[in-house]
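To start, the structure under review is shown below, and the notes come after it.
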Amino acid sequence: MARPANRHEPMIHTLLEVYLDLALRDSIHSLNLRHLAEKADVAYSTVHYYFGPPNNIVDEALDYVAENAQSFMRAAMESALWDSNKSLVSTYVSANFSWLKQHQSHAAFWLYCIHLGAGRSQYHERVNQRFFDGQKRILEILKLEKQRKAGLDMSSRDLTSISRSLHALLLGSMTQASLDSAKKIESYRAEVEKHFERYLSSFMR
């Protein structure tokens, strides 16, 4: 039986980072955990001790990536929250693409899990929860932006609808950027920012 995982433990952190690097090159379903042990330079029993059956590590990696992404976003948003001259929407978009650029293995794994969760798979419920967490974050940012911009006139229904549209646009553009061999991440970021700001400007009175 695997022990309860604490993702803050150095060994678990190391194993998950190696796992994500390997998953970037191979399918998560075909990834051999003995190969993971070899790459991490640990005994296979160590991997099994922390994660148990192979499917467990997918769940742990999903939570690990989501937690790290949330920490990255919080850190990026802190300065904008205290600076009324900064656009919260633009800051959030920029933070997402910075995360994509700096943590490519995390982003690739996350986007792949969203693809898996779209079907009737064991990942559906877990991915679905994380997916809507992202949409809720955009909704909260829009609410804050509404408070900061005097002429922004949006009802609760408008905010919910816009948050869905913008979340879909953001994820779609991040997926395209991650697949772009030229890695023109900045051009995707600029395009999404422009769309976000255009949505908001349409509600200015």
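Each reported figure results from applying straightforward, stated rules to the coordinates on display, with no laboratory input. Remember, it's a predicted structure, so these values are computed and weren't measured experimentally.
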Degrees separating the helix 104-117 axis from the principal Cα axis of the chain, which is the longest one: 90 degrees
What's the tally of Lys pairs in the chain whose alpha-carbon atoms lie under 18 angstrom apart, where the two lysines are 8 or more places apart or on different chains? 10
What is the angle, in °, between the Cα long axis of helix 156-179 and the longest principal axis of the Cα atoms in the chain? Nearest 10 is fine, range 0 to 90. 50 degrees
Convert 10 °C to kelvin, take the viscosity as 1.306 mPa s, use the Kirkwood radius over C-alpha pairs of region 1-105 as Rh, and evaluate the Stokes-Einstein diffusion coefficient in µm²/s, rounded to a whole number. 104 µm²/s
Whole-number percent relative contact order across the chain, with pairs defined as alpha carbons under 8 Å at least 6 apart: 19 percent
Expressed in nm², what is the orientationally averaged projection area of the convex hull enclosing the Cα positions of region 57-201? 8.8 nm²
